[in-house]
Each structure stands twice: as C-alpha cells, then as structure tokens.
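The values are calculated or read from the model by the stated rules, or taken from the named source; none is laboratory data. These numbers were taken from a predicted model, which means no experiment stands behind them. Note that we place each Cβ from the backbone using ideal geometry, even for glycine, and neighbour counts take in every protein chain shown. All accessible areas refer to the heavy atoms of the entire protein, side chains included, with ligands and DNA or RNA removed. Shrake-Rupley method; radii C 1.70, N 1.55, O 1.52, S 1.80 Å.
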Amino acid sequence: MNFTTEHEALRKTVRDFVEKEINPYCDEWENAGEFPIHELFKKMGNLGLLGIQKPEEYGGMGLDYSYNLVAAEELGMAKCGGVPLAVGVQTDMCTPAIARFGSDELKRDFLAPAITGDMVGCIGVSEVGAGSDVAGMKTSAKKDGDDYVINGAKMWITNSPKADFMCLLANTSDDKPHKNKSLIVVPMNSPGISFSPHLNKLGMRSSETAQVFLDDVRVPQRNRIGAEGTGFMMQMLQFQEERMWGAANVIKALENCVTQTIEYCRERKTFGQPLIDNQYIHFRLAELQTEIEALRALTYQACELHVQGKDATRLASMAKLKAGRLGREVTDTCLQYWGGNGYMWENPLARAYRDVRLVSIGGGADEIMLGIICKLMGTLPGKKRD
Ligand SMILES: Cc1cc2nc3c(=O)[nH]c(=O)nc-3n(C[C@H](O)[C@H](O)[C@H](O)COP(=O)(O)OP(=O)(O)OC[C@H]3O[C@@H](n4cnc5c(N)ncnc54)[C@H](O)[C@@H]3O)c2cc1C
C-alpha cells in the first residue's frame with residue numbers, strides 16, 4: 001500500500017477523534033451498556049468519517065476503499081471495541097449494498113443521512129436458527145399491493161435499539177435458498193417492529209445488541225435494494241467489506257495489547273527482575289508483533305485487490321480468519337502476563353480479551369472463512385448424493 005499525504009491526514013483526523021471523542025468516555029459507556037450513538041455519529045458525519053468511500057453525490061468523500069481501511073485501522077485505537085463496532089456496522093455492513101445497488105430514492109432517503117450521521121443503521125441477517133447458514137433464514141417479505149409485508153425475527157442485531165433503519169435480508173419467494181432473498185431497507189419506526197431487552201454480551205459492552213421482531217411490518221416495495229431475488233448475492237458482496245473492515249479494525253487494537261503488556265512487564269518485577277527480562281516473555285511478545293505485521297500485510301493485500309476492482313473474496317476471508325485467530329492468541333497471551341491484574345474486569349487486557357473474541361464468530365465464523373477458502377482452493381467436497 002502506498003499511503004499518500006491524504007491517507008495520513010485522514011489517519012490523523014480519525015486518531016484525534018478517537019482520542020478526544022471516544023477514549024475519555026469508554027469506561028462510562030462500557031458500564032452503561034450504551035453510548036450516545038446519534039450524537040457521536042453526527043460528530044463523525046460532520047467530519048465526513050461516515051462516508052469516506054461513499055459517492056460524493058450523496059455526501060460521501062468519494063475516496064477509494066484504502067482510505068476507509070486507514071480509518072478502520074485507526075478506530076482500533078479506541079479503548080473499547082463496542083464503539084468502533086457500531087461505526088463499522090454503519091459504514092461497512094448496512095450501507096455498502098445501498099450505495100452499490102440502491103435506487104436514487106433509497107440513496108437520498110437512507111444513504112445520505114447515514115453519511116451525515118443523521119440516521120443510524122443496522123444490518124439484519126442473522127436469525128436464531130440461521131447465523132452461519134445464512135441461506136436457511138426464515139424471515140419472509142410477501143407482496144401485498146405496492147408493499148411487502150414482513151414477518152420474522154432477526155437475532156444479535158448491533159445498533160438496532162437506536163437504529164433508524166435496517167438493511168434486512170428476507171425471503172421474497174419460494175425459489176431456491178440462494179435465489180429467493182432480497183435486501184430491503186426497513187424504517188425502524190414502522191408499526192410491527194419490537195425488540196428484546198438488550199442482550200447481555202461477554203464483550204463489546206458499549207454497543208447495543210437486541211433481537212428484532214417483525215410482525216406484519218409493511219414496507220413499500222421500492223425500499224428493495226436492486227432486483228428481487230438478488231439479496232443473497234448482494235449480501236455476500238457486502239460481507240467482503242465487513243470482513244476487511246473487521247480485520248483492519250483489529251490490527252491496532254492488538255498492537256495496543258502488546259504495547260501495554262510491554263509497559264506493564266517493564267514495571268512489574270518477580271524474583272528481583274522485571275517480567276520483560278524473561279526471554280520467554282520478550283520473545284513471545286516479539287512473535288506476536290510479527291504476527292500482527294503479517295495480519296496487516298494480508299489485510300492491505302486484500303484491500304489493494306478490492307481497490308483495483310478485483311474479487312478479494314479469498315484474501316478478505318483469509319484476513320478475517322487470521323484476525324480472529326490472532327486476536328484470540330494475542331489477547332490470551334498478553335492477559336497471562338498481567339497475572340491476577342489481567343483477570344480483573346476493568347483491566348484493559350481483560351476488555352480486549354472479551355471484545356476481540358467476537359471476531360472469530362461475527363460476520364462469518366472462522367470455520368465459514370475456512371469453508372470459503374477451501375472452496376476457492378478446490379478442496380471442499382461436494383454435497384454427497386445417493
Ligand atoms: C455481539 C454480536 C453482534 C452481532 N451483530 C450482528 C448484526 O448486527 N447483524 C447480524 O445479522 N448478525 C449479527 N451477529 C450474528 C453473527 O453474525 C452470528 O453470530 C455468526 O454469523 C454465527 O452464527 P451463529 O451464532 O448462529 O452460529 P452457528 O451458525 O450456530 O455456528 C456455531 C459455531 O459452529 C461452528 N460452525 C458453523 N458452521 C460450521 C461448519 N460448516 N463447519 C464447521 N464449523 C461450523 C462455528 O465455530 C460457529 O461459531 C452478531 C453476533 C454477536 C455475538
């Protein structure tokens with residue numbers, strides 16, 4: 001990646017924003033289980049940070065994905081994962097399909113206000129019985145006059161309690177599972193939408209997550225993104241940006257774990273010497289830093305392909321897989337060197353350990369990434385037939 005002065009200026013803007021507007025409040029928001037999402041998003045929107053790679057016509061900066069990658073990486077400097085996750089949902093999970101395939105009307109009504117921070121979005125794909133197996137979801141949208149009438153429920157939906165719209169994947173016909181789905185933009189104030197209480201999560205405590213119930217929710221058919229039946233394909237494309245964002249966002253968070261652990265191990269003495277002087281520990285931290293650099297290189301490579309307009313599925317899946325696995329290794333190893341202090345709830349390593357654990361599960365679990373990579377390597381066995 002050849003970063004320009006523009007990339008570096010953007011990096012500084014995001015870094016300053018994180019230091020000034022997010023980090024001083026992380027502890028408070030983590031304890032509260034929420035943060036003022038509309039207020040914070042509006043501030044980000046004012047700086048252009050919610051539409052970096054979105055078209056200028058709708059208020060975006062019109063830059064390529066490498067700029068977004070820089071912003072995702074820098075958001076990783078936040079002292080909690082929940083707030084960056086909420087931002088990533090807005091920029092890279094619930095809006096890419098609208099930007100790429102949505103009508104002008106949808107872009108004006110939902111994309112433009114998502115870019116300015118006047119609207120908060122969420123993405124509704126997972127269901128209680130269908131997370132990894134997206135094709136098996138049951139939520140349906142049936143035509144009635146000019147509308148769709150939507151019934152079903154979506155599980156673990158980040159931002160949903162305060163969202164203004166949901167980019168919803170629903171079955172719009174009885175065709176085969178990959179051909180019967182459509183993406184529909186659902187205003188969250190529509191009659192028939194209700195929520196579970198906030199889900200009590202292991203980590204990402206400052207982000208709000210709930211189950212969303214849709215009971216005869218009426219939405220105009222013009223809220224469908226692209227052609228009917230192409231929702232699965234569009235969601236798979238949308239996942240590529242989600243996965244690159246997820247990998248990029250974890251890089252600096254992991255580097256912070258290593259840096260903070262080095263500082264701690266310099267201070268903490270056992271048997272008359274600083275912990276860091278144990279070769280086992282300083283070698284191990286050097287190994288982890290090396291792995292983080294490898295993750296960075298892989299993520300940048302995926303991004304470069306994507307920027308060139310080529311299919312980045314293979315490298316984006318590898319980057320997501322590596323981010324999840326390395327995230328678990330780094331946070332677990334570093335926490336160990338903090339000893340009992342690391343096991344305390346408020347400890348920064350303990351928070352990273354809880355937050356980063358999501359990377360191996362959300363947006364396609366590690367095993368789903370392995371399945372995609374195997375498919376592209378030609379080693380995935382076909383479905384057994386009699
Ligand atoms: C905090 C949080 C926020 C989330 N936010 C959103 C959101 O905003 N929108 C949304 O739509 N979803 C969201 N999700 C859902 C998330 O994407 C799913 O949890 C994820 O896709 C995994 O689905 P599942 O939980 O149903 O796991 P399952 O599909 O039940 O799988 C369980 C485990 O089995 C393993 N596994 C699954 N399939 C295979 C296989 N073929 N081979 C081998 N092993 C396999 C994996 O290890 C997987 O973790 C969120 C989840 C969490 C926890």
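To keep it simple, each residue is scored yes or no on (1) outside any strand (DSSP E or B); (2) under 21 Å from I98 (Cβ atoms).
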position	(1), (2)
V186	no, yes
N200	yes, no
A210	no, no
D216	no, no
When the residues of segment 172-215 are filtered to those that are charged (D, E, K, R) and within 14 Å of the ligand (Cβ to nearest atom), which remaining residue is least open to solvent (accessible area, probe 1.4 Å)?
K181
Number of positions in segment 130-164 that are in contact with a strand residue (DSSP E or B) (Cβ under 9 Å, 6 or more places away or on another chain) and part of a loop (DSSP other than H, G, I, E, B):
8
Being outside any loop (DSSP other than H, G, I, E, B) and surrounded by 24 or more Cβ atoms within 10 Å (Cβ to Cβ) is the filter here; which residues of segment 112-128 pass it?
A114, I115, G121, C122, I123, G124
Name every residue in segment 328-386 that is more than 16 Å from the ligand (Cβ to nearest atom), open to solvent by 80 Å² or more (accessible area, probe 1.4 Å) and among the hydroxyl-bearing types (S, T, Y), in order of residue number.
Y343
Members of segment 60-82 that are aliphatic (A, V, I, L, M) and not in a helix (DSSP H, G or I)
M61, L63, M77, A78
Please find, among E21, E57, E30, E8, the residue that is acidic (D, E), assigned to a helix (DSSP H, G or I) and closer than 14 Å to I115 by Cα.
E57
Name the pairs whose Cβ atoms lie under 7 Å apart, with the first residue in segment 310-339 and closer than 16 Å to V258 by Cβ, the second open to solvent by 10 Å² or more (accessible area, probe 1.4 Å) and part of a loop (DSSP other than H, G, I, E, B), and 6 or more positions between them or separate chains?
W338/N347
Look at G131 and say whether it is within 15 Å of the ligand (Cβ to nearest atom), surrounded by fewer than 23 Cβ atoms within 10 Å (Cβ to Cβ), under 24 Å from the mean Cα position of the chain (by Cα) and over 30 Å from T331 (Cβ atoms).
no
Single residue of segment 154-171 satisfying the filter (open to solvent by 10 Å² or more (accessible area, probe 1.4 Å) and of a type in the set (A, V, I, L, M, F, W, C)) that is nearest to the chain's Cα centre (by Cα):
W156
Quickly run through segment 300-341 and pick out the residues that are of a type in the set (S, T, Y) and either in contact with a Cys (Cβ under 8 Å, 6 or more places away or on another chain) or within 19 Å of G81 (Cα to Cα) (or both).
T331, T333, Y337
